[in-house]
1. Please list, in order along the range 116-129, the HN-Hα scalar couplings obtained from phi with the Karplus expression 6.51 cos²θ - 1.76 cosθ + 1.60 (θ = phi - 60°), rounded to whole Hz, x for Gly and Pro.
2. Determine Rg/Rh for the chain; Rg is computed over alpha-carbon atoms and Rh is the Kirkwood hydrodynamic estimate from the same atoms.
3. First select every other residue whose beta carbon is under 11 angstrom from the beta carbon of PRO43; then total the charges, Lys and Arg +1, Asp and Glu -1.
4. What does the charge add up to near LYS158, with Lys and Arg as +1, Asp and Glu as -1, over the other residues with Cβ less than 9 Å from its Cβ?
5. Sequence neighbours fewer than 8 away in the same chain don't count; with that in mind, list the lysines whose C-alpha is under 27 Å from LYS158.
6. Report the FRET efficiency, 1/(1 + (r/R0)^6), for TYR70 and TRP179, where r is their Cβ-Cβ distance and R0 is 35 Å, rounded to 0.05.
7. Using +1 at the Cβ of each Lys and Arg and -1 at the Cβ of each Asp and Glu in the range 75-168, identify which of SER147, GLN75, SER123 lies farthest towards the dipole's positive end.
8. Using alpha-carbon pairs under 8 Å, 6+ residues apart, how would you state the relative contact order of the range 87-172 in percent?
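The values are calculated or read from the model by the stated rules, or taken from the named source; none is laboratory data. Source: prediction; values computed, not measured. As a convention, Cβ positions derive from the backbone with ideal geometry for all residues, glycine included, and neighbour counts pool all protein chains shown. Side chains included, ligands, DNA and RNA excluded: accessible areas come from the protein's heavy atoms. Shrake-Rupley method; radii C 1.70, N 1.55, O 1.52, S 1.80 Å.
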Amino acid sequence: QPSEPIPEPEVKNRVSSGQQSDDIDTGFYASLGMSIGINADIPVKETTPIYSDESFKTSTTIGPNVAVGYSFPEQWRVELEYLGLFADTSDQFKLKGQQFIDKGDQVSTNIFQLNLIKDLPTSSRLTPYLGGGLGLAHSVYSVRQGSAAGSSFAAQGKAGLALSLSPSTRMYLGYRVVWINGGTTLDFWSDRPSMEGHLQQSVDMGVRVML
């Protein structure tokens, strides 16, 4: 008797609707969003004893955050990111022990970071992420007497949640804290004090799209 053909085994989709395979979302991406910079206290290093306890106190501000990067298998991402914060500021200090406040100043900061980020997939459309980066911060300090600018080392950590809107689009909401090393000399004042390091916090939101 002629033998009957052996049926081919059924090939099943081994990725369920609630799971992600290793190669999903790999490739280049871009993100565009905004950051709400939380008010910060930027200390000033004095050079004369008649001034003390001086700092620039920034107000809450909104600025852009933009990134381009590459997503690797195993949910790792590397990206180059820009963050801009442009805050109205008051200069608070003591002169011979008496407190003064000088309003109407501004601190503008442009931060460039190279980030490493780990996505933590779940069985839902929400994906937590954790990451950090190293880079430079360029700050401009503007007061009535003039302005001074300088660049310094900056490092950051950030965490948040990304919501899947489509196979190639994510909306994200996150928190970051950036250390800005300071060191800029304020040569618009005759005693030429300098800026010290400080922490800058922000809340971030935006959209990330695979290219």
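1. 10, 10, 10, 8, 10, x, 10, 8, 10, 7, 8, 10, x, 9
2. 1.24
3. Charge balance in the 11 Å sphere: -3.
4. After counting each charged neighbour, the total is 0.
5. LYS57, LYS118
6. Working from the Cβ atoms, E equals 0.85.
7. The residue sitting most towards the positive pole is SER123.
8. Over the range 87-172, the number comes to 24 percent.
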